[in-house]
Amino acid sequence: MSIPATGWSNKGGTGERACKCGTWKQHWINFSEKAWPATCSVKECSSAPTLGAHVKNQSVAGERIVPMCDSCNKLGGTFTLKGSITVPSANKSETCEKKA
Ligand SMILES: [Zn+2]
Ligand SMILES: [Zn+2]
(Lines give C-alpha, C1' and ligand atoms only; values in the text may rest on other atoms or scores of the structure.)
(Ligands and ions follow the chains in the order given, each with its own letter.)
Protein backbone atom coordinates (compact mmCIF):
# COMPACT_ATOMS: atom_id res chain seq x y z
CA MET A 1 0.00 0.00 0.00
CA SER A 2 1.54 3.25 -1.01
CA ILE A 3 0.63 6.49 0.69
CA PRO A 4 1.23 9.71 -1.23
CA ALA A 5 2.95 12.64 0.52
CA THR A 6 1.00 15.33 -1.32
CA GLY A 7 -2.66 16.31 -1.44
CA TRP A 8 -3.59 15.99 2.25
CA SER A 9 -6.14 18.16 3.96
CA ASN A 10 -7.51 18.54 7.46
CA LYS A 11 -10.82 16.85 7.97
CA GLY A 12 -12.08 19.91 9.80
CA GLY A 13 -15.32 20.39 11.65
CA THR A 14 -14.65 17.58 14.05
CA GLY A 15 -16.33 17.47 17.36
CA GLU A 16 -15.48 13.87 17.34
CA ARG A 17 -14.82 12.12 20.61
CA ALA A 18 -11.59 10.32 21.13
CA CYS A 19 -11.40 6.58 20.71
CA LYS A 20 -10.60 3.87 23.20
CA CYS A 21 -6.97 4.96 23.20
CA GLY A 22 -7.98 8.07 25.16
CA THR A 23 -6.58 10.62 22.74
CA TRP A 24 -5.87 10.60 19.04
CA LYS A 25 -2.24 11.22 19.93
CA GLN A 26 -2.19 7.93 21.82
CA HIS A 27 -4.06 6.29 18.94
CA TRP A 28 -1.26 7.31 16.58
CA ILE A 29 1.38 5.94 18.96
CA ASN A 30 -0.51 2.65 19.35
CA PHE A 31 -1.03 2.03 15.65
CA SER A 32 2.10 3.51 14.13
CA GLU A 33 4.17 1.56 16.67
CA LYS A 34 6.57 4.47 16.69
CA ALA A 35 7.63 7.08 19.19
CA TRP A 36 5.83 10.43 19.06
CA PRO A 37 7.95 12.56 16.67
CA ALA A 38 9.81 15.72 17.63
CA THR A 39 8.31 17.70 14.76
CA CYS A 40 4.94 18.12 13.09
CA SER A 41 4.11 15.82 10.13
CA VAL A 42 3.59 18.69 7.70
CA LYS A 43 6.53 19.20 5.36
CA GLU A 44 8.73 22.14 6.26
CA CYS A 45 7.03 22.63 9.64
CA SER A 46 9.43 22.33 12.55
CA SER A 47 6.97 22.95 15.39
CA ALA A 48 6.39 20.29 18.01
CA PRO A 49 3.27 18.24 17.33
CA THR A 50 0.63 18.54 20.03
CA LEU A 51 -2.20 16.39 18.75
CA GLY A 52 -3.25 13.55 16.50
CA ALA A 53 -5.01 15.27 13.63
CA HIS A 54 -7.63 13.75 11.34
CA VAL A 55 -6.51 14.11 7.74
CA LYS A 56 -7.73 12.82 4.41
CA ASN A 57 -6.42 12.39 0.90
CA GLN A 58 -8.31 11.73 -2.32
CA SER A 59 -6.10 8.78 -3.17
CA VAL A 60 -6.19 7.17 0.26
CA ALA A 61 -9.16 5.23 1.61
CA GLY A 62 -10.56 6.49 4.89
CA GLU A 63 -9.34 9.12 7.31
CA ARG A 64 -5.90 8.95 8.83
CA ILE A 65 -4.22 10.28 11.96
CA VAL A 66 -0.95 12.20 11.89
CA PRO A 67 1.00 14.09 14.57
CA MET A 68 0.45 17.80 14.02
CA CYS A 69 1.02 21.16 15.66
CA ASP A 70 -1.87 23.48 16.47
CA SER A 71 -1.26 25.85 13.60
CA CYS A 72 -1.05 23.14 10.93
CA ASN A 73 -4.24 21.65 12.28
CA LYS A 74 -5.92 24.89 11.20
CA LEU A 75 -4.56 24.82 7.64
CA GLY A 76 -7.14 25.11 4.91
CA GLY A 77 -6.52 23.63 1.46
CA THR A 78 -4.00 20.89 0.89
CA PHE A 79 -0.52 20.32 2.27
CA THR A 80 2.35 17.88 1.91
CA LEU A 81 3.40 15.46 4.63
CA LYS A 82 6.95 14.48 5.49
CA GLY A 83 7.75 11.34 3.54
CA SER A 84 8.76 9.37 6.60
CA ILE A 85 5.55 9.78 8.55
CA THR A 86 3.29 6.85 9.39
CA VAL A 87 -0.42 7.45 8.85
CA PRO A 88 -2.54 4.93 10.75
CA SER A 89 -6.26 4.69 10.04
CA ALA A 90 -8.66 6.78 12.08
CA ASN A 91 -11.34 4.16 11.55
CA LYS A 92 -11.94 2.77 15.02
CA SER A 93 -13.60 -0.35 13.69
CA GLU A 94 -10.36 -1.22 11.88
CA THR A 95 -8.04 -0.36 14.76
CA CYS A 96 -8.64 0.02 18.49
CA GLU A 97 -12.31 -0.93 18.52
CA LYS A 98 -11.99 -3.79 16.12
CA LYS A 99 -14.19 -6.73 16.95
CA ALA A 100 -12.30 -9.94 17.38
ZN1 LIG B 1 -7.79 4.45 19.13
ZN1 LIG C 1 2.96 22.01 11.91
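The values are calculated or read from the model by the stated rules, or taken from the named source; none is laboratory data. Predicted model, so just to flag it, every value in this text is computed and none were measured. Ideal geometry is used to build each Cβ from the backbone, glycine not excepted, and the neighbour counts take in all protein chains shown. Just the protein is used for accessible areas: all its heavy atoms, side chains included, with ligands, DNA and RNA removed. Shrake-Rupley method; radii C 1.70, N 1.55, O 1.52, S 1.80 Å.
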Exercise. How many of the residues making up region 35-53 are over 14 Å from S84 (Cβ atoms) and outside any loop (DSSP other than H, G, I, E, B)?
Worked result: 3
Exercise. Which residues, counting only those in region 16-34, are away from ligand 2 (no atom under 16 Å from the Cβ) and part of a helix (DSSP H, G or I)?
Worked result: Q26, H27, I29, N30, F31, S32
Problem set entry | Condition broken by S84, with the remaining ones in (1) open to solvent by 20 Å² or more (accessible area, probe 1.4 Å); (2) away from ligand 1 (no atom under 16 Å from the Cβ); (3) farther than 16 Å from I3 by Cα satisfied | (3)
Exercise. Any residue in region 54-61 that is open to solvent by 80 Å² or more (accessible area, probe 1.4 Å), within 13 Å of ligand 1 (Cβ to nearest atom) and not in a loop (DSSP other than H, G, I, E, B)?
Worked result: no
Seminar exercise, completed: Residue pairs qualifying under the 6 Å Cβ cut-off, at least six apart or on distinct chains, with the first in region 40-62 being touching a residue at least 24 places away in the same chain (Cβ under 8 Å) and the second being within 16 Å of ligand 1 (Cβ to nearest atom) and assigned to a loop (DSSP other than H, G, I, E, B), are H54/K11; H54/T14; H54/E63; H54/A90; K56/K11; K56/E63; G62/N91
Seminar exercise, completed: Counting only residues that are touching a Ser or Thr at 6+ places or on another chain (Cβ under 7 Å) and over 17 Å from S2 (Cβ atoms), region 50-70 contains a total of 6
